[in-house]
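Q: If you scroll down you'll find the structure; I have some questions about it.
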Amino acid sequence: MKTKGFLVLVMGATMMASCTSGNDKTAQAQEELPIVKVETVYEENVTQMSEYTATVEAFKTNNISSNNGARIKRLLVDVGSHVRAGQSVAILDDVTITTQQAAIDQQRIQIANQKRDLDRMKELVKIGGGTQQSVDQLQAAYDAQVRALESSQRQLRTMRENTVLTSPVSGVVTQKNYDAGDLPTGPILVIEQQQPLKVVVNVNESDFPKVKQGMAVDVRLDTYGDEVFPGRVNIIHPTIDPNNRTFEVEITINNASNRIHTGMFARVTFNFGTNRNVVVSDRAIEKQIGSGVRYVYVYHNGTVEFREVQLGQRLENRYEIVGGLTSGTQVVVEGQYRLSNGAKVEVAK
């Protein structure tokens, strides 16, 4: 009897241990479910902004040069001088002009002599003392000499124009490459038109249909912090660069106060209106290792699903989603490190 009692006790203890072990495993399995936090995403009106960087440039740049081979007699401006359109900026030596004028005077004397010979021959023909052939020969020589004189006179006018050099634009002298007495072989001065100024930005191909002639843009200069300088689209280049998939846009900036200078670093912001898109916390966005794919985990009925998304703009601590999510979807914002596609999860209270 004692033996029977002992066996019953042992079997009972074994069964209790087995039940306890099964309950522990079930509880442990429940405890091992990843705990996540989720948020519901909704559509919002998102301002469509694109920002590009560029360097401020002169609206026009003029190289003041001479092609008459004369030395510089006097420079009337220096680097930093403000000049008006048509203002004299340099005077060149007129030795070559004197030589050219002397040659023209000699040509006039020759033409006058040829004219007398031609007139005499015409009179001789009338009285039968000459031939028409002689008249034609003298006429051809005379006409050729007249054409040569006209060419020399045009050359002299050009030389005189190049003796006193003027600025074709109102602007600032930014380079002086020679001094008085030098024989220039390149630009003597460089004058930049700085009212208005311009920036040329390389805009993404995707924005090509949105950029319009004359549209307003905001320009910020690192020199002046967040101060906004109004700009306007002046020129849209019609071709896309196949190497970087961008096109050039020229922006003009008013510089009446002369606060902006060429070479400054600029940030140009285009405002393309608003679109209604889903916005999600940046905590929900994950990046697939080894690729540029961005994704989120979508929560539904206790499980999560891998979902690739296309990002739009970053909005402080949120992202605009332009593809992959619809309004009202729940996404995981905490606890992603233990997740995989189709995993069961527990939502934190």
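Q: If I filter the stretch 323-337 for residues that are in contact (Cβ under 8 Å) with a residue 12 or more places away in the chain, among the charged types (D, E, K, R) and in contact with a helix residue (DSSP H, G or I) (Cβ under 7 Å, 6 or more places away or on another chain), do I get at least one hit? Working first, answer last.
A: To start, the set of residues in the stretch 323-337 that are in contact (Cβ under 8 Å) with a residue 12 or more places away in the chain comprises 323-336.
Cutting the leftovers down to among the charged types (D, E, K, R) gives us 334.
Still in the list and also in contact with a helix residue (DSSP H, G or I) (Cβ under 7 Å, 6 or more places away or on another chain): 334.
Yes, some residue in the stretch 323-337 is in contact (Cβ under 8 Å) with a residue 12 or more places away in the chain, among the charged types (D, E, K, R) and in contact with a helix residue (DSSP H, G or I) (Cβ under 7 Å, 6 or more places away or on another chain).
Every residue, every condition in (1) β-branched (Val, Ile, Thr); (2) over 30 Å from Ile64 (Cβ atoms), yes or no:
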residue	(1), (2)
Leu183	no, no
Ile191	yes, no
Gln194	no, no
Asp218	no, yes
Gly231	no, no
Ser257	no, no
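Q: May I pose another question? If we keep just the residues of the stretch 195-253 that are among the acidic types (Asp, Glu) and not in a strand (DSSP E or B), which is surrounded by the most Cβ atoms within 10 Å (Cβ to Cβ)? Before the answer, list the steps.
A: Let us first name the residues in the stretch 195-253 that are among the acidic types (Asp, Glu), namely 205, 207, 218, 222, 226-227, 241, 248, 250.
Now drop any that are not not in a strand (DSSP E or B), which leaves 205, 207, 222, 226-227.
Values: Glu205: 13, Asp207: 16, Asp222: 10, Asp226: 6, Glu227: 10.
In this case the residue turns out to be Asp207.
Q: Could you count how many residues in the stretch 289-307 are closer than 19 Å to Val36 by Cβ and within 34 Å of the chain's Cα centre (by Cα)?
A: To start, the set of residues in the stretch 289-307 that are closer than 19 Å to Val36 by Cβ comprises 294-307.
From what is left, the residues that are within 34 Å of the chain's Cα centre (by Cα) are 294-295.
Of the residues in the stretch 289-307, 2 are closer than 19 Å to Val36 by Cβ and within 34 Å of the chain's Cα centre (by Cα).
Q: Could you check the stretch 266-291 and list, in sequence order, the residues that are surrounded by 15 or more Cβ atoms within 10 Å (Cβ to Cβ) and out of contact with any Lys or Arg (no Cβ under 6 Å at 6 or more places or on another chain)?
A: Passing the criteria: Ala266, Val268, Phe270, Asn275, Asn277, Val278, Val280, Arg283, Ala284, Glu286.
Q: Taking the condition in contact with a strand residue (DSSP E or B) (Cβ under 8 Å, 6 or more places away or on another chain) and within 12 Å of Glu39 (Cα to Cα), does Val333 pass?
A: Values: in contact with a strand residue (DSSP E or B) (Cβ under 8 Å, 6 or more places away or on another chain): yes; within 12 Å of Glu39 (Cα to Cα): yes.
Answer is yes for this residue.
Q: Somewhere in the stretch 338-346, is a residue assigned by TED's automatic domain parsing to the domain that holds Thr40 and within 13 Å of Glu39 (Cα to Cα)?
A: No.
Q: From Val190, Val173, Val135, Val201, which residue is on the phi < 0 side of the Ramachandran plot, of a type in the set (Val, Ile, Thr) and modelled with pLDDT under 90? Break it down stepwise before answering.
A: Values: Val190 fails: modelled with pLDDT under 90; Val173 fails: modelled with pLDDT under 90; Val201 fails: modelled with pLDDT under 90.
Exactly one residue qualifies, and that residue is Val135.
Q: Taking the conditions exactly as written (part of a helix (DSSP H, G or I), in contact with a helix residue (DSSP H, G or I) (Cβ under 8 Å, 6 or more places away or on another chain) and modelled with pLDDT under 90), does Gln155 satisfy them or not?
A: Numbers: part of a helix (DSSP H, G or I): yes; in contact with a helix residue (DSSP H, G or I) (Cβ under 8 Å, 6 or more places away or on another chain): yes; modelled with pLDDT under 90: yes.
Against the criterion (part of a helix (DSSP H, G or I), in contact with a helix residue (DSSP H, G or I) (Cβ under 8 Å, 6 or more places away or on another chain) and modelled with pLDDT under 90), Gln155 qualifies.
Q: Can I ask one more? Residue check: is Ala144 small (Gly, Ala, Ser), loosely packed, with under 15 Cβ neighbours inside 10 Å and either touching a strand residue (DSSP E or B) at 6+ places or on another chain (Cβ under 7 Å) or free of Cβ contacts under 8 Å to residues at least 60 places away in the same chain (or both)?
A: In short, yes.
Q: A further question follows. From the list Asp218, Asp207, pick out the single residue that is under 22 Å from the mean Cα position of the chain (by Cα) and either among the hydroxyl-bearing types (Ser, Thr, Tyr) or at pLDDT 95 or above (or both).
A: Values: Asp207 fails: either among the hydroxyl-bearing types (Ser, Thr, Tyr) or at pLDDT 95 or above (or both).
One residue alone meets the criteria, Asp218.
Q: Going by what's in this entry, would Ile127 be described as loosely packed, with under 13 Cβ neighbours inside 10 Å and among the aliphatic types (A, V, I, L, M)? Steps first, please.
A: Working: loosely packed, with under 13 Cβ neighbours inside 10 Å: yes; among the aliphatic types (A, V, I, L, M): yes.
Spelling it out, Ile127 is indeed loosely packed, with under 13 Cβ neighbours inside 10 Å and among the aliphatic types (A, V, I, L, M).
Q: Further question on the same structure: Please state which one of Arg116, Arg160 is basic (Lys, Arg) and modelled with pLDDT under 85.
A: Details: Arg116 fails: modelled with pLDDT under 85.
Exactly one residue qualifies, and that residue is Arg160.
The values are calculated or read from the model by the stated rules, or taken from the named source; none is laboratory data. From a predicted model like this one, the values you see are computed outputs, not experimental measurements. Here the Cβ is made from the backbone with ideal geometry for all residues, glycine too, and neighbour counts use every protein chain on show.
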